[in-house]
1. Expressed as a rounded percentage, what relative contact order does region 198-286 have, with Cα pairs under 8 Å and six or more residues apart?
2. Specify which residue in the list Phe151, Gly129, Phe167 is farthest towards the positive end of the charge dipole of region 118-214, using unit charges on the beta carbon of Lys, Arg (+1) and Asp, Glu (-1), about the Cα centre.
3. Which one, Ala346, Gly273, Tyr318, is farthest towards the positive end of the dipole of region 223-352 when Lys and Arg carry +1 and Asp and Glu -1 on their Cβ?
4. Provide the percentage of antiparallel DSSP beta bridges, counting only those with both residues in region 255-380; round to the nearest 5.
5. What FRET efficiency comes out for Ala227 versus Ser365 if R0 is 30 angstrom and r is the Cβ-Cβ distance? Round to the nearest 0.05.
6. Determine ³J(HN,Hα), in whole Hz, for all residues of region 210-221 in sequence, where each value follows from phi through the Karplus function 6.51 cos²θ - 1.76 cosθ + 1.60 and θ = phi - 60°; x replaces Gly and Pro.
7. Can you divide the C-alpha Rg of the chain by 2.2 N^0.38 Å and report the result to two decimal places?
8. Percent relative contact order of the chain, based on C-alpha pairs within less than 8 angstrom and at least six residues apart?
Amino acid sequence: MLRNLRPKANVMLCGVLVAALLLLVGTAALAAKDLPPIKIGAAGPYTGDVSKIGLDGLNAIKMAVEEANAAGGIGGRMIEIVEADDAADPSKAIIVAEMLAMDRNVIGVVGPMNSATVQAALPTYQRAGLAIISQSATYPKLTEMGYNIMFRICPRDDAQGPAAARFIVEELKAEKIYIIDDKTTYGQGLADQVEPALKAAGTEVLRGQIDMADRDFSPILTRVKAAEPDLVYLGLANPAQAASLIKQAAGLGLDVTFMGGDGLKEKDQLIDGAGGLAEGMYVTSIGKDIREVPEAQAFIEKFEARYGAMSVFGGQSYEAANILIDAARRAAADPMAINRNNVREAISKTSGYEGILGFPIGFDSKGDVVGASIFVYQVQNGEFVPVAEYSASVSGN
């Protein structure tokens with residue numbers, strides 16, 4: 001009798017074990033579902049003159065978060081985005097930083113995007129111990145001010161400016177340059193790097209300024225025409241404004257080569273906005289066009305199927321968000337122990353991150369990206385075509 005009962009007992013025991021396992025799985029799933037979300041800030045210009053760039057960046061961040069949540073979030077905790085519009089206005093950037101700092105569930109920020117907004121908001125982020133990863137703020141001093149929460153995945157102006165000057169001197173053989181900047185931290189800051197590099201090479205440099213709000217450029221363009229330069233360098237933050245200036249220059253009969261920085265590398269606003277008159281213009285870029293990077297193709301197709309043509313910093317925004325998410329996953333074994341401090345530490349230890357930008361990303365002790373390059377593109381047949389590449393290393397870094 002006992003021998004006959006053993007199989008039944010084994011079956012019953014197996015049933016109990018299966019039930020227990022199902023209960024454990026269900027409990028774990030319920031626990032994961034009940035975990036509070038983790039928040040990341042997305043700070044950028046979502047309204048205003050450069051909102052196209054900002055909104056594309058925000059949409060790229062959303063894609064990164066959606067993909068991360070589909071893969072289980074961060075240790076089972078879902079990620080939420082706190083959208084923070086600074087309209088590229090430094091005073092608003094401070095308010096944005098204060099708002100994000102007050103929400104203790106925000107463990108890091110992607111952005112701000114503009115050098116001036118980063119500079120204004122840095123003290124607030126530092127006081128809160130809230131790390132930021134800027135995808136596009138290139139002003140050199142941002143990582144020279146002693147803040148340990150500042151990171152960026154873009155090269156600095158003191159790499160981009162000298163690279164532009166080198167191209168102007170060595171490749172274009174230009175001898176007389178007229179520089180126009182817009183008085184912004186980005187535009188004037190970049191021009192301030194181009195000018196001394198040109199002068200060091202023995203090039204004659206003239207200079208003038210406009211305001212970001214200007215729409216009539218005839219006063220300065222009249223002076224440019226009288227100077228008869230070989231090239232006009234535009235230290236401008238707004239590609240639509242650059243397109244308008246180029247059109248007005250043509251209207252005044254000014255036949256000259258134009259060049260500008262990474263902020264102008266926008267097909268729809270610069271090339272299309274200039275109505276074909278930007279043909280032959282050069283721009284520098286703080287990284288390879290991601291359309292040339294095989295690893296980026298799936299992202300580009302997905303993004304443009306959903307949002308339309310992507311602007312210049314969409315890929316960098318996606319990359320910055322993924323680096324922040326990756327750092328949060330490395331910050332603590334227990335997802336409930338993730339906090340601003342260990343996320344900042346994890347970001348600082350990022351090294352060899354392989355994403356969609358075409359080079360492995362890491363940060364130096366100041367928070368500057370390592371391993372990047374500066375590229376020069378020319379507008380040819382309505383497209384940006386790569387024509388040169390320079391190292392983005394900065395002396396002393």
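Each reported figure results from applying straightforward, stated rules to the coordinates on display, with no laboratory input. None of the values given here were measured: they were computed from a predicted structure. With ideal geometry, Cβ positions are generated from the backbone for all residues, glycine too; neighbour counts draw on all protein chains shown.
1. Working: 107 pairs, mean separation 23.7, N = 89.
After rounding, I find 27 percent.
2. Gly129
3. Farthest towards the positive end: Ala346.
4. Antiparallel bridges: around 80 percent, rounded to the nearest 5.
5. 0.10
6. 10, 9, 4, 7, 5, 10, 9, 10, 4, x, 6, 5
7. Values: Rg = 25.3 Å, N = 397, 2.2 N^0.38 = 21.4 Å.
Taking N as the residue count of the chain, the ratio is 1.18.
8. Details: 793 pairs, mean separation 65.6, N = 397.
This gives 17 percent for the chain.
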